[in-house]
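Below: one structure, written as structure tokens.
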Amino acid sequence: MKKFFATMMAVAILMFAAQAEAISREDSTFAFQTVTQKLNWWKCTPLKIWYGGDELNNAENVAYMNELAESRGFHKKFTACMVFYSDFIAPPDPHDGKISAWRYDSEYKNWSWYFGLYEDGEWKLLTWGF
């Protein structure tokens, strides 16, 4: 139930942010679903997800996205950038002795998610983290 409530709260925050900013509802829905899927795959519990604001769609961030893309061998260029942030709880300690990058059962705040927009209109999640 706690996870359901946190997810519903994140949806409400995202919908409010999307109405107040210039990104489309379709773009914000894609970003929200992508972030949620990644967190679920990592077995993390999302607490909230929000749009960073139109001011982050600037020449500096688009250049950063294109530098990252080029270093990874991508051939298409990005024309815009969309940044989301999230707070979440890392998965519980599985007690299996494996090394993990997570601080188990810890809350992570302001985790950034950078999406680049290709010239053909496709958004791609390119990088995430602090």
### Query
Can you name the residue in the range 90-130 that is of a type in the set (Phe, Trp, Tyr) and part of a loop (DSSP other than H, G, I, E, B) and is also surrounded by the most Cβ atoms within 10 Å (Cβ to Cβ) among such residues?
102
### Query
When you scan the range 35-60, how many residues do you find that are in contact (Cβ under 8 Å) with a residue 24 or more places away in the chain and either more than 14 Å from residue 114 (Cα to Cα) or hydroxyl-bearing (Ser, Thr, Tyr) (or both)?
10
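So which residues in the range 66-82 are surrounded by fewer than 17 Cβ atoms within 10 Å (Cβ to Cβ) and either in a helix (DSSP H, G or I) or at negative phi (or both), if there are any at all?
Taking the range 66-82 and keeping what is surrounded by fewer than 17 Cβ atoms within 10 Å (Cβ to Cβ), we get 67-68, 70-77, 79.
Within the range 66-82, 67, 68, 70, 71, 72, 74, 75, 76, 77, 79 meet the criteria.
Out of all the residues in the range 71-82, which are over 16 Å from residue 121 (Cα atoms) and either at pLDDT 95 or above or hydroxyl-bearing (Ser, Thr, Tyr) (or both)? Spell out the reasoning first.
Filtering the range 71-82 down to residues over 16 Å from residue 121 (Cα atoms) leaves 71-73.
Within the range 71-82, 71 is the sole residue that qualifies.
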### Task
Could you grab me the full set of residues in the range 13-43 that are at pLDDT 90 or above and part of a loop (DSSP other than H, G, I, E, B)?
24, 42, 43
#### Entry: Evaluation of residue 87 against (1) closer than 19 Å to residue 118 by Cβ; (2) surrounded by 16 or more Cβ atoms within 10 Å (Cβ to Cβ); (3) not hydroxyl-bearing (Ser, Thr, Tyr) (one fails), failing number
(1)
### Message
Regarding the range 50-57, can at least one residue be identified that is out of contact with any strand residue (DSSP E or B) (no Cβ under 7 Å at 6 or more places or on another chain), over 18 Å from residue 127 (Cβ atoms), surrounded by 11 or more Cβ atoms within 10 Å (Cβ to Cβ) and at pLDDT below 85?
### Response
no
### Summary
The one condition residue 63 fails out of (1) buried (at least 18 other Cβ atoms within 10 Å of the Cβ); (2) without any contact (Cβ under 8 Å) to a residue 40 or more places away in the chain; (3) assigned to a helix (DSSP H, G or I) is (1)
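The values are calculated or read from the model by the stated rules, or taken from the named source; none is laboratory data. Predicted, not measured: the structure shown is a model, and the values here were computed from it. Here the Cβ is made from the backbone with ideal geometry for all residues, glycine too, and neighbour counts use every protein chain on show.
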